[in-house]
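Undergrad: Can you keep this structure in mind? I'll have questions shortly.
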Amino acid sequence: MKRRLLLATAAALMALPAASFAQGMDKVKACFIYVGPVGDGGWTYQHDLGRQALAAEYGDRVDATTYQESVPEGADSERVMTQMALSGCNIIFATSFGYMDAVNNVAAKFPNVKFEHATGYRRDHANVSTYDARFYEGRAVTGTMAGLMTKSDKIGYIGSFPIPENIQGINAAYLAAKKVNPDATMSVVWAYTWFDPAKEADAARALIEQGVDVILQHTDSTAPLAEAAKTPGVVGFGQASDMAEFKPSPRVASIIDNWAPYYIERVGALLDGTYEQGATWAGIAGGEVEIGEITDAVPAEVKTKAQEVRDAIAAGTLHPFTGPLKKQDGSDWLAEGETPDDAELAGMNFYVEGITGEIPN
Amino acid sequence: MMRLEKRATPSRAWSVATPVLAVLLTMIAGGILFAMLGKDPVAAIRTIFWDPLFNPQFAAYSRPQLLVKAGPLILIAIGLSLGFRAGVWNIGAEGQYVVGALTGAAAGLALYPMESRLIFPLMVIAGALGGLLWAMIPAILRTVFRTNEILVSLLLVYVAQALLSSMALGALRNPQGGGFPGSRNLSQWASSANPELIAGTGMHWGVVAAFIAVIFAYILLQRHMLGFSIRLTGQAPRAARFAGVSPRRLVILCFGISGALAGLAGLFEVTGPAGQISLDFAQGYGFTAIIVAFLGRLNPIGILLAGLLMALTYIGGELAQFMLGVPAAAIQAFQGMLLFFLLAVDILTNYRIRWAREAS
Amino acid sequence: MDIGGINLVTLLATLIVASVPILMAALGEMVVEKSGTLNLGVEGMMIMGAVTGFVVAVTTGNPVLGFLGGAAAGAAMAGLFALLTQVLLANQVASGLALTLFGLGLSSLMGQGWNGIRPPLTGDVPLGPLADIPVLGPILFSHDWMVYLSLILVVAIWWFLRATRAGLILRAVGESHEAAHALGYKVRRIRTGAILFGGAMAGMGGAYVSLVRVPQWTDGITSGAGWIALAIVVFASWKPWRVLMGAWLFGGISVLQLNLQAAGSRIPVEYLTMSPYIITILVLVLISSGRGRAMGAPADLGKTFHASH
């Protein structure tokens, strides 16, 4: 499974019995394993920016030059991580969901090396930590903008795979749009790929032909934006990276994965001896999910509203999933004022009421 | 003026010398490429070809990994080589590999969580059958409707990949996986696991099967009537027909064998190194095996060596990437060069080069 | 003109554009195969065309030069293939696969630093009032010049193969290189020419992906279009018109399955994803059943030629 997905388990944010490593280190070698090429302009690109920020932050104290790109999941990733551990890496960041079993297997063999697994949920050994970002919080912001900006009341969503991360995004965006525009509807197209520019362009085209004038994408290339640029009045949002080259329109804002703060914090902890096993799931508040510049193509009041939503989520006063909410089949999900716990969020496999279509299964 | 003269029989000396020559040429050309990227060419070449085998830090781990990586390549390539010799083009081994893994895993998972020694053999049979049946589609369309088998087998790869996504997200999804795609981990369930047979060697059942396939193919081609029919059809199709070889039967047989072996490779991979059916399970072994088959000159021993060489460049390439920062793309281009040179110098095996004046 | 919530006019207009890359590559490959050579490296040539075309267009600011650059890069890759298969007499299947592997790696190297840039726009050809004709206007008269060029090439290649002496020689070489050689034709030279042409076409098709269809550069941008082009050539039984039909059929089904999803169809997505391939196979079976030998395949396709005298 190409990269990410979700983390999970009820224990996600609970402090874990800490195997703490009181002794600090003079020099840390941090290594990265990527599922795509660093030139993908999206998921892997953002992780690599995080690596570069890490190198810049600590200078000589951290060697963050070691990375390997386009590593397939499964046996290959296990070998690469083993070789990294053998070559003297102190901490290895594995940046794809599908590395999960491999991370835990290798971690068992190298108890002195720290493993950080993005978007996974298994921490079988004391030296494995997991981290993820609450992308759905960003979706609530872009969903708000979509609801306010659509003239046809049709919003399109290009999904990658029908997995919880995508479904959270679709639900969060839809609920946010519905809140500001009760007439808004959402069409979902599943591309069954994280990254296939031609197919993503076709998907965007198909949505536009259906009358959609705001496109949200969960796939990583800029192709949907390029497609939107061909039709006046259609707007979209940057995904994973800022996609600034399509400013000011059709790219009117973006959801940026910013891993730099996490990488700097974790390696810093290793340097000064405060490193502990953890399971981090941060969002807008933690700086991992950033809303890129909202351009002037957006009406001022929409911009203000979007910033309000963003700030409220950051302050913790607004949760994108707040009851009363029903599931698509009409059954009750959340009672008035209730919010889901992280385990429920992480395994989300249903649409909320009002979205048409079925989740492929 | 250079002239080529076909040798009556391929030169034995050159068929041994050409691969060495090709590797040397690749080192030179690759060195230039790495130097252009600002990397130390000598260090890069040494890391790719030497370190996986002899580096004190890695070699103990990397050497067995060569077998893990080469196993499926050899197993699939052996099957393909039989067809290629007879002019039967199965380009879709990747699809057969995927379907074999799917049917094998499905057969095992249907019995989960039973513990029995019979489950793994059952899965092996199911995997081979799955690959075989998937290969029968182009074979039967070819024999009944004369539909081009290159194309159908290739198109079926895409269908198999869609099937894989569907299975990883649907029928075979781990019910205890919290809604995430991917099956249960087969390598962690004793009944279905395909573990390392002797610790630290990399040998699992798939590697054993690959070695058996090499020996089997060698004997088949040298001693058996079917091997003779295959070679004859490849060299002289008309003569083969007069000799009573049925082209249809040969198409079915070649596809059947290569499909079953590809299916087996998929099954051994999913129960061992890969561990589970996941969206990313198809990693191109079926395509790379085509190259391996040709690099090995469609000869079982050659394929064995070619598979190991290919595995070496993969593993050495990984080391070069993270130790020296050579981009993954450069390694891919380097592998492409290696193939070019191997194919290019092959001419010395089959032809004699004569330098002659125009008049003579 | 709506069927199941899908507008036919826009669907047709979209599929014409969507199928340009595979149409160009398939036309080129058809000529190559007509001359008796099987080049499986279409994907590698396309992606080299895509990256080179992109770099040239961005550097010069001129998309036309970009397409020419793409064609040159495709032809250069094809030259490598010609060297291997025509001069060094290497196996064509293996050489083609090696070409793809090499092209994917090299393109990614060349493209480093070119991510996230917008290329200069390839505008529509201004056909004035023609574009305003209902139904036909959007389908036929509101495209960029590459669309028209690809259609003209269909006609030109059809005419070349059927009605010119050069086309006849090319076909003769593909049918029997021994006979053509005996008649005094330079088999290798003709095949090399065809291979270079095929490379240029694939390169232009690739450049269309990075300059018009997507338009941007990212690693692996052609994502298998070259393989589809190869499939279409066989599907078309080596006939230019059928190449066009094949490209449209394939492009059409690929676009349609996304349209069906967007329109809220209830057909499961995974089956829709498979549908272009399965339908292509079915059509192929229909075409090939009950026909004579090999559906018009050149008799000497894929065989190595060596003049022994």
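Undergrad: Looking only at region A:245-281, which residues are under 21 Å from A:R122 (Cβ atoms) and either modelled with pLDDT under 90 or part of a loop (DSSP other than H, G, I, E, B) (or both)?
TA: A:W259, A:Y275, A:E276, A:Q277, A:G278
Undergrad: In region B:17-44, which residue that is modelled with pLDDT of 90 or more, within 24 Å of the chain's Cα centre (by Cα) and closer than 15 Å to B:G317 by Cα is most open to solvent (accessible area, probe 1.4 Å)?
TA: If we take residues in region B:17-44 being modelled with pLDDT of 90 or more, within 24 Å of the chain's Cα centre (by Cα) and closer than 15 Å to B:G317 by Cα, then B:M27 is most open to solvent (accessible area, probe 1.4 Å).
Undergrad: Of all residues in region C:7-18 being more than 10 Å from chain A (Cβ to nearest Cβ) and within 14 Å of C:H143 (Cα to Cα), which is surrounded by the most Cβ atoms within 10 Å (Cβ to Cβ)?
TA: If we take residues in region C:7-18 being more than 10 Å from chain A (Cβ to nearest Cβ) and within 14 Å of C:H143 (Cα to Cα), then C:I16 is surrounded by the most Cβ atoms within 10 Å (Cβ to Cβ).
Undergrad: Moving on. Here are the criteria: (1) under 20 Å from the mean Cα position of the chain (by Cα); (2) under 24 Å from A:R79 (Cα atoms). Tell me which single one B:G79 does not satisfy.
TA: It is condition (2) that B:G79 fails.
Undergrad: Kindly list, by first and then second residue, each pair from a residue in region C:70-91 that is more than 20 Å from C:V56 (Cβ to Cβ) to a residue that is open to solvent by 30 Å² or more (accessible area, probe 1.4 Å) and at pLDDT 95 or above, limited to pairs with Cβ atoms under 8 Å and residues at least 6 apart or on different chains.
TA: C:A82/C:T192; C:A82/C:L196; C:Q86/C:T192
Undergrad: Also, I was wondering about something else. Residues in region B:65-96 that are aromatic (F, W, Y), in a helix (DSSP H, G or I) and in contact with an Asp or Glu (Cβ under 8 Å, 6 or more places away or on another chain): how many?
TA: Qualifying residue count, region B:65-96: 0.
Undergrad: Is there any pair with a first residue in region A:249-261 that is aromatic (F, W, Y) and a second that is buried (at least 21 other Cβ atoms within 10 Å of the Cβ) and assigned to a loop (DSSP other than H, G, I, E, B) whose Cβ atoms are under 9 Å apart and which are 6 or more apart or on different chains, and what are they?
TA: A:W259/A:T95; A:W259/A:E288
Undergrad: Report, by residue number, each residue of region A:187-211 that is open to solvent by 10 Å² or more (accessible area, probe 1.4 Å), more than 8 Å from chain C (Cβ to nearest Cβ) and not in a helix (DSSP H, G or I).
TA: Those that are open to solvent by 10 Å² or more (accessible area, probe 1.4 Å), more than 8 Å from chain C (Cβ to nearest Cβ) and not in a helix (DSSP H, G or I): A:T193, A:G211.
Undergrad: Filter region B:148-180 down to the residues that are modelled with pLDDT under 85, part of a helix (DSSP H, G or I) and within 19 Å of A:N166 (Cα to Cα) and list them by number.
TA: B:L169
Undergrad: Also: Could you run through region C:210-223 and say how many residues are open to solvent by less than 10 Å² (accessible area, probe 1.4 Å) and either assigned to a helix (DSSP H, G or I) or more than 10 Å from every other protein chain (Cβ to nearest Cβ) (or both)?
TA: Total satisfying the criteria: 2.
Undergrad: What residue, among those in region A:102-118 that are more than 10 Å from chain B (Cβ to nearest Cβ) and crowded, with 23+ Cβ neighbours inside 10 Å, is nearest to the chain's Cα centre (by Cα)?
TA: Only one residue fits best here, namely A:A118.
Undergrad: Quick check on my filter: what residues within region A:323-361 are open to solvent by less than 70 Å² (accessible area, probe 1.4 Å), touching a strand residue (DSSP E or B) at 6+ places or on another chain (Cβ under 7 Å) and away from chain C (no Cβ under 14 Å)?
TA: Those that are open to solvent by less than 70 Å² (accessible area, probe 1.4 Å), touching a strand residue (DSSP E or B) at 6+ places or on another chain (Cβ under 7 Å) and away from chain C (no Cβ under 14 Å): A:G323, A:L325, A:K327, A:W333, A:L334, A:P340, A:D342, A:F350, A:V352.
Undergrad: Could you grab me the full set of residues in region A:212-239 that are more than 12 Å from chain C (Cβ to nearest Cβ), touching a residue at least 60 places away in the same chain (Cβ under 8 Å) and either under 16 Å from C:R118 (Cβ atoms) or aliphatic (A, V, I, L, M) (or both)?
TA: Listed by number, the residues that qualify are A:V214, A:L216, A:V235.
Undergrad: Please specify each residue of region A:49-101 satisfying the condition of being of a type in the set (D, E, K, R) and open to solvent by 20 Å² or more (accessible area, probe 1.4 Å).
TA: Residues satisfying the conditions are A:R51, A:E57, A:D60, A:R61, A:D63, A:E78, A:D101.
Undergrad: Please identify the pairs in which a residue from region B:260-276 that is among the charged types (D, E, K, R) has its Cβ atom under 7 Å from the Cβ atom of a residue that is part of a helix (DSSP H, G or I), counting only partners at least 6 apart or on another chain.
TA: Taking only residues 6 or more apart or on different chains, the pairs are B:E269/B:P72; B:E269/B:A101; B:E269/B:G206.
Undergrad: For region A:77-89, enumerate the residues that are at the interface with chain B (Cβ under 7 Å from one of its Cβ atoms) and not hydrophobic (A, V, I, L, M, F, W, C).
TA: A:R79, A:T82, A:Q83, A:S87
Undergrad: In contact with a Phe, Trp or Tyr (Cβ under 8 Å, 6 or more places away or on another chain), open to solvent by less than 20 Å² (accessible area, probe 1.4 Å) and without any contact (Cβ under 8 Å) to a residue 40 or more places away in the chain, is that true of B:G286?
TA: When the stated conditions are applied, B:G286 does not pass them.
Quick grid of which residues meet (1) at pLDDT 90 or above; (2) under 20 Å from A:E165 (Cβ atoms); (3) in contact with a Cys (Cβ under 7 Å, 6 or more places away or on another chain):
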| position | (1), (2), (3) |
| --- | --- |
| A:D311 | yes, no, no |
| A:S331 | yes, no, no |
| A:E344 | no, yes, no |
| A:F350 | yes, yes, no |
| A:E358 | no, yes, no |
| A:N361 | no, yes, no |
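Undergrad: Looking at this structure, is C:S237 among the small types (G, A, S), on the phi > 0 side of the Ramachandran plot and touching a residue at least 24 places away in the same chain (Cβ under 8 Å)?
TA: yes
Undergrad: Separate question: List the number of the failed condition for A:K27; all other conditions in (1) surrounded by fewer than 24 Cβ atoms within 10 Å (Cβ to Cβ); (2) within 14 Å of another protein chain (Cβ to nearest Cβ); (3) of a type in the set (D, E, K, R) hold.
TA: A:K27 satisfies all of (1) surrounded by fewer than 24 Cβ atoms within 10 Å (Cβ to Cβ); (2) within 14 Å of another protein chain (Cβ to nearest Cβ); (3) of a type in the set (D, E, K, R) except (2).
Undergrad: Report, by residue number, each residue of region C:19-47 that is surrounded by fewer than 24 Cβ atoms within 10 Å (Cβ to Cβ) and either within 12 Å of the chain's Cα centre (by Cα) or in a loop (DSSP other than H, G, I, E, B) (or both).
TA: Of everything in region C:19-47, just one residue is surrounded by fewer than 24 Cβ atoms within 10 Å (Cβ to Cβ) and either within 12 Å of the chain's Cα centre (by Cα) or in a loop (DSSP other than H, G, I, E, B) (or both), namely C:L38.
Undergrad: The conditions are (1) open to solvent by less than 20 Å² (accessible area, probe 1.4 Å); (2) of a type in the set (F, W, Y); (3) at the interface with another protein chain (Cβ under 10 Å from one of its Cβ atoms), and C:F305 fails exactly one of them. Which is it?
TA: (3) is the only condition that C:F305 fails.
Undergrad: While we're here: Residue check, A:G36 against (1) without any contact (Cβ under 8 Å) to a residue 24 or more places away in the chain; (2) within 13 Å of chain B (Cβ to nearest Cβ); (3) open to solvent by less than 30 Å² (accessible area, probe 1.4 Å), all met but one. Which one?
TA: A:G36 satisfies every listed condition except (1).
Undergrad: Checking the structure you have, find out if any residue of region B:64-77 is open to solvent by 60 Å² or more (accessible area, probe 1.4 Å) and out of contact with any helix residue (DSSP H, G or I) (no Cβ under 9 Å at 6 or more places or on another chain).
TA: Among the residues of region B:64-77, not one is open to solvent by 60 Å² or more (accessible area, probe 1.4 Å) and out of contact with any helix residue (DSSP H, G or I) (no Cβ under 9 Å at 6 or more places or on another chain), which makes the answer no.
Undergrad: Ok, one more. For residues in region B:181-204 being facing another protein chain (nearest Cβ under 10 Å) and not in a loop (DSSP other than H, G, I, E, B), which is most open to solvent (accessible area, probe 1.4 Å)?
TA: So the residue we want is B:Q188.
Undergrad: Note down all Cβ pairs under 7 Å where the first residue falls in region B:7-30 and is outside any helix (DSSP H, G or I), the second is basic (K, R) and exposed (fewer than 15 other Cβ atoms within 10 Å of the Cβ), and they're at least six residues apart or on different chains.
TA: From residues that are outside any helix (DSSP H, G or I), the pairs are B:R7/B:R352.
The values are calculated or read from the model by the stated rules, or taken from the named source; none is laboratory data. This one's a predicted model, so the numbers in the text were calculated from it and none came from an experiment. Here the Cβ is made from the backbone with ideal geometry for all residues, glycine too, and neighbour counts use every protein chain on show. To get the accessible areas, we keep the full protein, side chains included, count just its heavy atoms, and leave off ligands, DNA and RNA. Shrake-Rupley method; radii C 1.70, N 1.55, O 1.52, S 1.80 Å.
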